[in-house]
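Read the structure below first, then the notes.
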């Protein structure tokens, strides 16, 4: 029983990281139909920037802010240089383009930070026991920050004019343009959001899960699976998908085999796509011709 | 920026001879290469040939199926591992082992492809990415596969007492394999399958309406592309002597993708050219970057891959192939102006005899299409409400009604692209509602489109040849091996040309269909539909955009088709033309069928007059009486 609780808790905090990355996928996909394969690299880059800044003596909160702003700038520059100039973006083109950026970012991280994975020192080190379950402060921090960020993103989309205009672009791009919403600005904004949430996820995860130049690959893949579980178009679905994936991964690692942890995401993806392409939390099918 | 196209496949250019020359030239270059290059360069060349095969498969997948795999290395690894296990553990001969290795890989691809290829492209991309990761994870977890150290001791191949152990020998051993791979790939691209998939990339709905089973063909191409990766994997295993989980490394998948994209997606030789360029770049960067960035270790060449991949997609989406064709076209333009295409309006002969009558067509008067209670709701709006219609063989039925009456929606439900909320559609005994358009086509019916769905990368002839898809049979294997398929190709081309003559499009046969004026593009769509020799033809506003003379020609053509036993349903705004042509007319208003009858009955129906003139039915009686005759309708 304690084992189960321990695994569930670890799964939730890891799932919260996936959820943040998944929100990034959703933010960009809904506006421009682009699946950003560099989303995982946003998280990895943030982790490495924070580690290097903290290693240079910067205070942890300052290092975190620096990491998030760096990635936000990278995301915005990527949108302007790589996504914006391309007209007639097809799925194929967008995948190859973002894969190019992702590969470039990976290599850049390798050149700057070296090949070894490192962990950021936690803001509040240590752990405490609750009903036999060992809980690290960092895990609580992950859950708290991810919760606040997810709520903020949700509030932004539902309540603010800018958020509503992003949703309008997603649902009716032509009509959105007719009422004066700039698709170009919407696309830029969506990359900014994706960069920020991805970076926050990366910084939060680093003390526990470590960060290396290649971390973005699996982080991105799992974020995508989480977003797909939620139907790829819903922030709420992405959060639930992330938490579910995290829990399932930890249960698999705990009860079956640690080595299979990374296989869970893939099998979950296949199963969901076969059974319910609209996502298990999605409401309407994505049957378009 | 010019219109972006990744795809240069499809029947757009009849370049068979050019291809053969190209491949022959490549063959000469490949044979000369090991004679002039230094051993270390030949070593790079060996990897280029191995990886080029995998990239070629990926290029076919992207060019034909319009989908991308980010896990090509996963299939590469399955091929390599299977080969390694069979050769080192079970004493298989290299050739026998590679046949099994390819079969195993193709089965794996089938299992991955089946659930995913129905979905939009990004799912296949991400799932294959995950697949590659899984293959690496499972391999390193499996003791049977040697865990992280992998399988080693795979011997160099030996044939006729000759051991292929130097890079030159191995290179020369691979050259014929790569050339055969190129030839097979080229045959597939040029085949009926390649043509159909090229059409799908231009307009999926139109290709499916002509009977192309998109999903099935995509699965086939996906499996074929995995087979290429697998062959590459077996060659890799023997060359390196070791297979470890790194064979399924994600950067390797990226490398395959870069090779395909750099060479020009969908061009067969492009992948091999791209492979040499990328391998050269890889080798150069691995030497250069540690000099520039002290202490740089690991896969530093990726920086170049990433930048190159992005830059190509932005500046040169057709890859080196695009560069090459642009240069050639510039040179050709300087050499002199090309012969201007003839836009002459060739007149169809004023023949009135029956057309396209054929054996086995249902006898005139037998019910062909039965539509019962067809309903479509979009949210709260009911676009079509309980629509009933029976169409018999050998009659022309017109569907008219004001804008927004639901005519096209009804058409789309009958022919497949739109799934009805309720109701049934039976075509020649087959229930087709909610099925894909190719099911409707297989039942003997096809359609044209109101907003044209021309295959833009194909010539007029190529468009019509896609219409022969169901009237020809050669599959992927036959196409790859070319011999049996060749005669059928000639027959398909001949019948397509015949049809073009019939519609007065003969002079335009070899022009790109999109270069034709709007009205003639409509005729191309009709010719394409007729190529199917359907029993039932649905025409969505066939008269729109045609001149008066063209309309008269088209009406005459439709009468002749009717005389040949074909049933025709047309949606049309030109009410006069419709009333003169149709045997029966159905009128839709706000999704409801308000009238059905002969043109005369409909002309005098008060509800119809009201719908068209916007008056209440009571007043419409007066209008109909006062203003009987053809001029009564707009």
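Only the coordinates and a few stated rules stand behind these numbers; no lab work does. Just so it is clear, the structure is predicted and the values come from calculations on it, not from any experiment. Virtual Cβ from ideal backbone geometry, glycine too; neighbours counted across all protein chains shown.
Key figures for this structure:
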read-out: Convex hull volume per residue in cubic angstrom - Cα atoms of the range A:174-217; value: 86
read-out: Inter-chain Cβ neighbour average for residues B:131-137, partner chain, 10 Å; value: 4
read-out: Value of [θ]222 nm, deg cm²/dmol, for chain A, DSSP H segments ≥ 4, -39500 (n - 2.57) each, nearest 500; value: -24500 deg cm²/dmol
read-out: Relative contact order, percent, chain B [alpha-carbon distance under 8 Å, six or more residues apart]; value: 17
read-out: Calculated [θ] (222 nm, deg cm²/dmol) that DSSP helices of n ≥ 4 give over chain B, each run adding -39,500 (n - 2.57); value: -18000 deg cm²/dmol
read-out: Bridge type composition, the protein assembly as shown - antiparallel percent by DSSP, nearest 5; value: 65
read-out: Over the range B:406-546 - Rg/Rh using Cα atoms and the Kirkwood inverse-distance radius; value: 1.00
read-out: Compactness index (Cα Rg / 2.2 N^0.38 Å), the protein assembly as shown; value: 1.04
read-out: Hull shadow area, averaged, the range B:16-328 [alpha-carbon convex hull, nm²]; value: 17.2
read-out: Rough spin-label spacing in nm, given labels placed 7 Å along Cα→Cβ, for residue B:366 and residue A:167; value: 5.6
read-out: At q = 0.09, 0.12, 0.14 Å⁻¹, base-10 log of I(q)/I(0) for chain A (Debye sum, equal scatterers on each alpha carbon); value: -0.41, -0.73, -1.00
read-out: Gyration tensor over alpha-carbon atoms, the range B:140-243, equivalent ellipsoid semi-axes in Å; value: 38, 20, 8
read-out: Spread of Cα-to-Cα distances over 5 Å intervals beginning at zero, given as percent, for the range A:213-283; value: 4, 19, 26, 25, 16, 8, 2, 0
read-out: Stokes-Einstein D for the range A:18-175, Kirkwood Rh over Cα pairs, 4 °C, 1.567 mPa s (µm²/s); value: 73
read-out: Rg in Å to one decimal, and Dmax rounded to a whole Å, for the range B:81-175 via C-alpha atoms; value: 16.7, 51
read-out: Separation of the residue A:159 and residue B:323 label points, Cα + 7 Å toward Cβ, nm; value: 5.4
read-out: Kirkwood Rh in Å, taken over the range A:1-62 so that all alpha-carbon pairs contribute; value: 14.0
read-out: Nearest-0.05 FRET efficiency for residue B:107 and residue B:160, computed from C-beta distance (R0 35 Å); value: 0.65
read-out: At 1.567 mPa s and 4 °C, Stokes diffusion of chain B via Kirkwood alpha-carbon radius, µm² per second; value: 48
read-out: Per residue Cα convex hull volume in Å³ - calculated over the range B:367-632; value: 135
